[in-house]
Amino acid sequence: MAQPDVLSQPFELGFTYTRSTGPVVGRFLTGLRDRRIFGIRASDGRVIVPPMEYDPNTAAALDEFVEVGQQGTIRSWCWVKRPRAAHPLQQPFAWAMIQLDGADVPMIHCVAAAAEEELATGARVQVKWADEPRGFITDIRCFELVDRKTTAEGATNPAAPANDDSPVTRIDAPVYLHYNFTAGRAPARFLARIKEGVLSGQRCPRCANVYIPPRGSCPACGVATEEEVVLPDKATVQSFTIVAIPIPNNPIKPPFVIANLVLDGANISFIHLLSECENSEVHIGQRVQAVWKPQAEWGYAMDNIRYFRPIDEPDVPVAMIGKLPVTGWEG
Amino acid sequence: MATLAAVVGIGQTHYKTRRGDVSIAGLVREAAVNALDDAGLGWDDIDAVIVGKAPDMFEGVIMPEIYLTDALGCNGKPMMRVHTAGSVGGSTALVAASHVQSGMFRRVLTVTFEKQSESNAMWALSTPQPFSVHLNAGAGGYFAPIIREYMRRSGAPYDVGIKVAVKDRLHGARNPLAHLQLPNITMKEVEESMMLWDPIRFLEACPSSDGACAMVIVAEDLATRSPKPPAWIRGGAMRSEPTMYAGREEVSPQAGRDCAADVYRQAGITNPRKDLDCAEIYVPFSWYEPMWLENLGFAAEGEGWKLTMSGATSLDEGGDIPWNCSGGVLSSNPIGASGMIRFAEAARQVRGDAGAHQVEGARLAMGHAYGGGAQFFAMWVVGADKP
Amino acid sequence: MKEIAIVAFSQSDCLARAGAANEVELIMPQLRAVFDQVGLNNAQDVDFVCSGSCDYLQGAAFAFVAGVDALGAVPPIKESHVEMDAAWALYESILKIRMGQAESALIYGFAKASSGELPIVLSQQLDPYYLAPLWVDNVSLAAMQARQLLERGLASERAMAEVVVRARRHALANPHAQLSGDVSVEELLAAETFVAPLRESDCAPVADGAAAMIICTVEKARAWGVPYARITGIDHRIETHNLGMRDLTDSVSTRQAAEAAGMKRGPVQVAELYAPFSHQEIILCRALGLGDETVINPSGGVMAGNLMMASGLARMGEVFRRIASGEIGRGIAHATSGPCLQHNLVAVLESA
């Protein structure tokens, strides 16, 4: 038997989340936009940077802001020899826990340094601001080591003239993650067959029902399915709806019909498009057949079948839908 | 055998398209504080916190209980996060209750939420992986064919869904927390709204909301001492079935029927329509009211739509079994919280605490949630009287 | 309070990449194994099912829904899910049994973490405003924790390497291990650092796979006539999300959980600790006050292979196995969640 196709494909999952900050986080980010850093006083008097909304020990809502310095001391650090694509710095750098002057609790951010040897717990660092702070944690572009010999450039940078006075209440947070997806064995087998223009389901060894598209198990029995069953590309409409809104990434224009179709010989339905008919003529029990894309366009995808269209065969009675043999229904 | 438990505090947020005034922690905190205040308790009184919400993709924060622990006063305590798709609000309530009913905890706080305005609900529900063999037609694309099958089998007239859409929004207009405030909604307006997935029209579908819902659940002796009347948990049940299998009954899923039978048995209910005073039932598309009336045994098969059309489920029409007096999912839908809102609103009714949407003299109420391809069900029955 | 017994456990081999295996295909062999251990057919034969998984590890919303297809959930079953390691699904199941709504439960956890860049994926667990946008990966956070430990004299690089040496040697006896063998401290220390001060060897190898377990009341275990271990105590605690406000060189919540679970009420012959980094095993041992009388991670722990969302359950399973076989009489199992041991669960297991 031929080696099963292993189907892998990279994909990205992501969205640019629009996060409202609330007053505490907002105050901190507004400060960053103005090149100032604010912490908050905890129930026990300690100053926490960045500010927490709620005290970790008493659960009290916190609201006493305290401005802190823009230099601090490294309390711990690590060296990222090979930065990851998502990291804020793309040459080797350090992550560090930095306790800013005036704060009692360290914050985590990155430290730019030429070499690992420059880093040390207890070393002094200073904020390096982004060129155009906008109210985001990366307004602190990174921290840089302060040479003890040189005078610190004052506890705070001169405040950038605020571009507008309205406080930051929102951030746009892009969260995009990259994955490499590998299809399961049963779906891969199905897709390898459909690439050849063949529809193939799997039969449950216990209840003998045929599942297409197959997932490797009979959900009702909880047993693995192995036996392949080749099915024709004729089907019966089990149910349907007329859709007025477009499907993401699909060129089909509303209003269009999607239907739950049961292939001859299968015992479950799948959703697909119906076309080459009046929407109003679609009905339960209607016989349809697949219209395939040109063979040259076939890939590992259900949409090798462009849609199903009605064929001239008698309707299937409702009671027989999902129970037809592979040979179909001739009334 | 099970320790008796009761709801002694309920807190909700206003449901809105976008809660732009709070962080995620702020949203959750608001409901939690409201629940604690309602119960006359403080953070130190809580033994454990149980959080629930729908997929993390909605807010893009992975396993958010890790970040929310400080907001919920949970440090040094147990914290869990439940995720059972759309029924999660209900199942979270049941898991929280089981903390007390098992005898292992005395007072727990449970919170469910969704801040789905941070992304887009339709996107989050339909993020397909490569090689997906399924056409992505949205939730409506899944449910509309099932609704059509119900209409075909029952012969229901076309406007049953319209009636429910109006009824639930009129109920919602009595509830200051509800997202959709449509006190002047009419049958005509619903009928003329855009058809999305035939037969579901725009105004027959639920909104997308931000919001959170919280409850404090305590053991029997603590409940009797609480400042406001408790809602005693008289029964709770969950059932699941596969999304798809040969011969699956999709219009009236077996899991729903079995779950209802279980919770009725626990609560001593033999005739839900008569025994219950009201119900908060998960109806995100209006036709699901008549369908669930049948699935849950309030009406015989094929007769649910008659019950709806008779006004029996309407508070405004003086019906004998009002459904969704809070406005239901059709009026507010923060997905992760919607199930708990049903459970909490049922509890409000039997505590006499439902304000302008109170059913007079309600003493026994049902909360219901479902999720996935109508395959996950969670239900509870709460009462003013101790069993 | 009802006594809970573990009667079956199985886990998949720890593979760096499961490859062509979807959720159903990952889970089913483990379910089959635990059903066979007890003589059951499918999920119809237990009273409750609960799973643990995390959508974002695979990049699929509702990943757990696919898992339901592996159960045989017709007629419908009582089933639930936590978006956490299956050790917490075990916890939820214990609550269910103790409240009287079940006498037995099936628990499983699974993940295909190889699909994504796990350390970067896990950065999105962090504070959404202050840390997630920086994409601080979990290895870097652990590295900072390790440095604190080293600089306070609470551990040495040698001690960390010794953890790895022991783990890999123990893993030789673990048929599911991804990484095992005889290696010397010198060999490990000779390697360059990965995210200093951590070396790659200090980081547990992440594995795709699944694990499953069956628990029940002690009465049921006796009725089934299978060897079992009792869970005599179980507890979990979480700490603040603010890493700067925690003492990262200690694990307060682990100690609290162990105390509440009654760890000290008897000898701890074995401790299976979920330590994804070598220095974290040192932290946990110290936090728990474990001494020479306790064998740490005889399975090799997650250093032998870290099944995301299932490793916590697998720690329970490894202790169960050793009790059920009569090798030991009492042990503890630990599970963790969140950055740098933020959330910890401890279970105490004892013989029948």
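Going from the fewest other Cβ atoms within 10 Å to the most, the residues B:Trp292, C:Trp224 appear in the order C:Trp224, B:Trp292. The slack between A:Gln90 and A:Gln289, meaning 0.36 nm per residue of separation minus the straight C-alpha distance, is 66.2 nm.
With an a/c value of 1.5 or above and a/b larger than b/c for the gyration tensor axes a ≥ b ≥ c computed over the alpha-carbon atoms, chain C is described as prolate.
Could you work out how far apart the two model spin labels at B:Asp385 and B:Met309 are, taking each label as a point 7 Å from the Cα in the direction of the beta carbon, and quote it in nm? If labels sit at B:Asp385 and B:Met309, their model points lie 3.6 nm apart. Taking a point 7 Å from the Cα of B:Glu220 along the Cα-to-Cβ direction, the residues of the stretch B:366-387 with backbone N closer than 12 Å to it are B:386-387. How large is log10 I(q)/I(0) at q = 0.13, 0.30 Å⁻¹ when the Debye formula is applied to the Cα atoms of the stretch A:56-100, each weighted equally and without solvent? One equal scatterer on each Cα of the stretch A:56-100 leads to -0.52, -1.03.
For B:Met187 and B:Asp353, calculate 0.36 nm times their separation in residues minus their Cα-Cα distance, and state this gained length in nm to one decimal.
Here the segment from B:Met187 to B:Asp353 would lengthen by 56.8 nm.
What you get for the protein assembly as shown, charging only the Cβ of Lys and Arg (+1) and of Asp and Glu (-1), is a dipole of about 940 debye around the Cα centre.
Highest mobility in the GNM of chain A, judged by mean-square fluctuation with C-alpha springs under 10 Å and restricted to A:Gly222, A:Gly265, A:Gly201, is found for A:Gly222. Among B:Lys274, A:Lys128, the ranking by other beta carbons within 10 Å of each residue's beta carbon, starting with the fewest, stands as B:Lys274, A:Lys128.
Here the stretch B:114-235 is treated with +1 on each Lys and Arg Cβ and -1 on each Asp and Glu Cβ, and its dipole about the Cα centre works out to around 340 debye.
A simple packing score, the average count of other Cβ atoms within 10 Å per residue, orders the peptides C:94-101, B:57-64 as B:57-64, C:94-101, with the highest score first.
Ignoring aspartates and glutamates fewer than eight residues from A:Lys81 along the same chain, the ones with Cα atoms less than 14 angstrom from its Cα are A:Glu116, A:Glu117, A:Glu118, C:Asp137, C:Glu192, C:Glu200. The shape of the stretch A:234-331 can be summarised by an equivalent ellipsoid whose semi-axes, obtained from the alpha carbon gyration tensor, come to 22, 17, 11 Å from longest to shortest. Altogether, the Stokes-Einstein calculation at 25 °C and 0.890 mPa s, with the Kirkwood radius of chain B over Cα pairs as Rh, returns a diffusion coefficient of 120 µm²/s.
Once the Cα atoms are used to define both axes, helix A:22-33 deviates from the longest principal axis of chain A by about 60 degrees. Using a 10 angstrom cutoff on alpha carbons, build the Gaussian network for chain A and name the most mobile of A:Glu226, A:Glu144, A:Glu278. Among A:Glu226, A:Glu144, A:Glu278, the largest GNM mean-square fluctuation belongs to A:Glu278. How high is the FRET efficiency from A:Asp5 to A:Ala208, r the C-beta distance, R0 30 Å, rounded to 0.05? After rounding to 0.05, the efficiency reads 0.65. Treating each Cα of chain A as an identical point scatterer and summing with the Debye formula, the log10 of I(q)/I(0) at q = 0.07, 0.12 Å⁻¹ comes to -0.57, -0.84. Dimensions of the protein assembly as shown along the principal axes, based on C-alpha atoms and rounded to the nearest Å, stand at 91, 67, 62, largest first.
Can you spot the lysines whose alpha carbon is less than 29 Å from B:Lys228's alpha carbon? Ignore those fewer than 8 places along the same chain. List returned: B:Lys16, B:Lys53, B:Lys77, B:Lys274, B:Lys386, C:Lys96. Judged by the gyration tensor of its Cα atoms, with axes a ≥ b ≥ c, the stretch B:277-339 is oblate; a/c meets the 1.5 cut and b/c is at least as large as a/b. The Cα-based radius of gyration of the stretch C:215-275, divided by its Kirkwood radius, gives an Rg/Rh of 1.12. Partners of A:Lys195 within straight-line reach, counting lysines whose Cα lies under 22 Å from its Cα and excluding those fewer than 8 residues away in the same chain: A:Lys234, A:Lys293. Note on the stretch A:53-95 and the stretch C:100-160: Cα centroid distance 17 Å, given to the nearest whole angstrom.
Taking a ≥ b ≥ c as the square roots of the eigenvalues of the Cα gyration tensor, an a/c ratio of 1.5 or more together with a/b no larger than b/c marks the stretch B:130-181 as oblate. A Gaussian network model of chain C, with springs between Cα atoms under 10 Å, assigns the largest mean-square fluctuation among C:Glu239, C:Glu187, C:Glu83 to C:Glu187.
Taking max minus min of the alpha-carbon positions on each principal axis, the stretch B:42-162 gives extents of 55, 36, 25 Å, largest first. A simple packing score, the average count of other Cβ atoms within 10 Å per residue, orders the peptides A:135-142, A:209-216, B:171-178 as A:209-216, B:171-178, A:135-142, with the highest score first. Positive end of the dipole of the stretch A:290-331 (Cβ unit charges, origin at the Cα centre): among A:Gly328, A:Ala301, A:Val318, the Cα lying farthest that way belongs to A:Ala301. Against the main long axis of the alpha-carbon atoms of chain A, helix A:185-195 sits at an angle near 60°. Shape analysis of the stretch B:114-229 based on the Cα gyration tensor places the equivalent ellipsoid semi-axes at 32, 24, 16 Å, largest first.
Quick one: order B:Met291, C:Met303 by neighbouring beta-carbon count within 10 Å, fewest to most.
B:Met291, C:Met303
In this Cβ point-charge picture (+1 for Lys and Arg, -1 for Asp and Glu), the stretch C:3-158 has a dipole of about 300 debye about its Cα centre.
We did not get these values from a lab; they are worked out from the coordinates using the rules stated. Quick caveat: nothing in here was measured; it's all calculated off a predicted structure. Note that each Cβ is placed from the backbone with ideal geometry, even for glycine, and that neighbours are counted across all protein chains shown.
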